[in-house]
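Undergrad: One structure is given below, represented as structure tokens, and several questions about it will come after.
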Amino acid sequence: MKSRRLVLSLLSMLVAFGLAPLAANAQPAPSCTVAVVAGGGGIELPQLHATLTALGVPWVDVTSLAEAQTAHASVIIDRYDADNLPSADVTTWLNSGKGYIELGDWPKYFPNTYTNITNGAPITVTITDAASPLAAGLAASWTGRGFWAYDVSDDYIGWVTNAALPDVAHAQFGETTYTRVVSSELVGSGRAVYIGFNVYGSAAGPNDTRLLSNAISWAGGCALGPVEAIPALGGIGLSLFIAVIALLGVALITRLR
């Protein structure tokens, strides 16, 4: 009797642990594709391209909402130094369940403002909502840099002026602290993110680029880089192997009862 109970317990554990990976791997997140709003004649855009490539994110430059839709993008990044999309188009995009990221002050989807700071001056970024998915894996605070880090004589800090929106991070320069330099908004099933300091290129640190990658994956509901396939096992897919073992376990449990 004791041996039967032991076998039942072991088989139950086998079934439970065998089925868990199936549930986890049943529907992997799709790979992200980012539509970058083009424009500008300087090096800001190439710096963003380089960071997206390093993150394993497929990207395409677009000049309209229609081009982003044709590219089957998950996320649009609109930015300073770009030919920005109309706010109505952004709303249409979000209402279709897609993601949107606004970098800096030129796009006007988020109500925002900005201040100029000394070129190359360090700013202190502090996470104020550690529970936000945008803050996943980030340090509590780090030294960063304002946007327009590559093309103009000053850097800038931007922030969302709508106090009803989340305050995910602050930025401090000198004695002044700016709130909602990172914020977000849910629009139906769509997700929008605002970031008001530099998060790409050679002047961005690991926390900066991690914030950008968090914004892409959260806004787009997608995974960075290629989606990993379940590895093969002796010519049989691992998921099939686990399923067979689980079914055998169920059959044996039924028989022993």
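Undergrad: Return the residue satisfying two criteria in turn: it lies in segment 79-107 and is among the charged types (D, E, K, R) and within 21 Å of Asp151 (Cα to Cα), and of such residues it is surrounded by the most Cβ atoms within 10 Å (Cβ to Cβ).
TA: Only one residue tops the list, namely Glu102.
Undergrad: Among the candidates Trp159, Trp148, which residue alone is touching a residue at least 40 places away in the same chain (Cβ under 8 Å), crowded, with 19+ Cβ neighbours inside 10 Å and either at positive phi or of a type in the set (Asp, Glu) (or both)? Please lay out each step first, then the result.
TA: Values: Trp159 fails: either at positive phi or of a type in the set (Asp, Glu) (or both).
Being touching a residue at least 40 places away in the same chain (Cβ under 8 Å), crowded, with 19+ Cβ neighbours inside 10 Å and either at positive phi or of a type in the set (Asp, Glu) (or both) holds for just one of Trp159, Trp148, which is Trp148.
Residue by residue, here is whether (1) under 17 Å from Pro30 (Cβ atoms); (2) touching a Gly at 6+ places or on another chain (Cβ under 6 Å); (3) assigned by TED's automatic domain parsing to the domain that holds Val193 holds:
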position	(1), (2), (3)
Ala54	no, no, yes
Glu67	no, no, yes
Ala71	yes, no, yes
Ile76	yes, no, yes
Lys98	yes, yes, yes
Gly104	no, yes, yes
Asn116	no, no, no
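Undergrad: May I ask you to say which residue of Ala139, Ala130 is part of a loop (DSSP other than H, G, I, E, B), touching a residue at least 60 places away in the same chain (Cβ under 8 Å) and over 23 Å from Val34 (Cα atoms)?
TA: Details: Ala130 fails: touching a residue at least 60 places away in the same chain (Cβ under 8 Å).
Testing whether each residue is part of a loop (DSSP other than H, G, I, E, B), touching a residue at least 60 places away in the same chain (Cβ under 8 Å) and over 23 Å from Val34 (Cα atoms) leaves just Ala139.
Undergrad: Determine whether Pro21 is more than 22 Å from the chain's Cα centre (by Cα) and at pLDDT below 95.
TA: Yes, satisfied.
Undergrad: Return yes or no: is Thr63 at pLDDT 95 or above, farther than 16 Å from Thr179 by Cα, more than 16 Å from the chain's Cα centre (by Cα) and outside the structural domain of Val187 (by TED's automatic domain parsing)? Don't jump to the end; show me each part of the working.
TA: Numbers: at pLDDT 95 or above: yes; farther than 16 Å from Thr179 by Cα: yes; more than 16 Å from the chain's Cα centre (by Cα): yes; outside the structural domain of Val187 (by TED's automatic domain parsing): no.
So Thr63 does not fit the description; no.
Undergrad: If we scan segment 110-124, do we find a residue that is assigned to a loop (DSSP other than H, G, I, E, B), buried (at least 19 other Cβ atoms within 10 Å of the Cβ) and in contact (Cβ under 8 Å) with a residue 24 or more places away in the chain?
TA: yes
Undergrad: May I pose another question? Is it the case, given these coordinates, that Asn198 is under 14 Å from the mean Cα position of the chain (by Cα) and either crowded, with 22+ Cβ neighbours inside 10 Å or modelled with pLDDT of 95 or more (or both)?
TA: No: the conditions fail for Asn198.
The values are calculated or read from the model by the stated rules, or taken from the named source; none is laboratory data. Since the structure is predicted, the reported quantities are computational estimates derived from the model, not experimental observations. All Cβ positions, even for glycine, are placed from backbone atoms using ideal geometry, and neighbour counts span all protein chains on display.
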